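See structure below.
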Amino acid sequence: MNVFRALGRVIKGTWWLFVGMVTTTKHMLRRSITIQYPRQRFEQWPRFRGRLAMVPDEEGGHKCTACAQCLRICPAACITLERHKEEGVKGFLVDAYVVDLGLCIYCGLCVEVCNFGALEMIPEYEISAYDKADFIYDIPKLLARQLEPEFKR
Ligand code: SF4
Ligand code: SF4
């Protein structure tokens, strides 16, 4: 092989090695865009649609009036409402309000349609479970995490 050709190859190889090292060093010195999850967490945007929750009233109860608008609009049919009427009481009384978060598609339509501000999507997203039954959220469960300061907006 021609000596000059071999020398040219060595110089070319060294150059590209240098370019590679510069690129690697640049990335090593750059500020990291990842975080040490789960020890660190990104702060969610105010309009982030996490899991569905009930908004507590002043006494820690729910604000649902059992109007059933959320049931009608829910595309996943994952809300169950049991209600009854009582004499002398205007409107309905809630017996049970249950959401199957295993079916919920986090569309937020139920929150939008509720005229009583009874529902909210809180910035909670770690709701994976081994048992499907854990995705069934009744009133106490829908209110529970919302009452913790971490999930208050
Ligand atoms: S729309 Fe609101 S008030 Fe009506 S049933 Fe649903 S959560 Fe209750
Ligand atoms: S967020 Fe959408 S899918 Fe989930 S319960 Fe509300 S309306 Fe249904």
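The values are calculated or read from the model by the stated rules, or taken from the named source; none is laboratory data. Since this is a predicted model, take the numbers as computed values, not measurements. Virtual Cβ from ideal backbone geometry, glycine too; neighbours counted across all protein chains shown. These accessible areas exclude ligands, DNA and RNA; they are computed on the full protein's heavy atoms, side chains included. Shrake-Rupley method; radii C 1.70, N 1.55, O 1.52, S 1.80 Å.
Below, the figures for the structure above:
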| item | result |
| --- | --- |
| Residue among Ile136, Ile33, Ile127 with the largest mean-square fluctuation in a Gaussian network model of the chain, springs linking Cα atoms under 10 Å | Ile33 |
| Over the chain: helical MRE at 222 nm, DSSP H runs n ≥ 4 each giving -39500 (n - 2.57), nearest 500 | -8500 deg cm²/dmol |
| Within the chain, longest stretch clear of exposed GluC sites (Glu not before Pro) (DSSP loop, no more than 12 other Cβ within 10 Å) | 1-42 |
| Apportionment of accessible area to carbon and sulfur, region 52-151, percent (1.4 Å) | 54 percent |
| Derived scalar couplings ³J(HN,Hα) [region 61-68; Karplus, 6.51 cos²θ - 1.76 cosθ + 1.60; whole Hz; x for Gly, Pro] | x, 9, 9, 5, 10, 6, 6, 6 |
| Cα Rg over Rh - region 1-51, Kirkwood | 1.47 |
| Total lysine pairs under 18 Å (Cα atoms) in the chain, excluding pairs fewer than 8 apart on one chain | 6 |
| Cα long-axis angle, helix 3-29 against the chain (0 to 90 degrees, to the nearest 10) | 30 degrees |
| Pairs of Cα atoms farther than 17 Å apart, region 52-151, % | 51 percent |
| Check: the chain dipole with +1 on Lys, Arg Cβ and -1 on Asp, Glu Cβ, in debye | 1700 debye |
| Within region 1-105, chymotrypsin sites (Phe, Trp or Tyr not before Pro) in DSSP loop having at most 10 other beta-carbon neighbours inside 10 Å | Phe42 |
| Accessible area per residue, Å², the chain with all protein chains present, probe 1.4 Å | 76 Å² |
| Computed label-point distance, nm, for sites Leu109 and Val10 using a 7 Å Cα→Cβ extension | 7.2 nm |
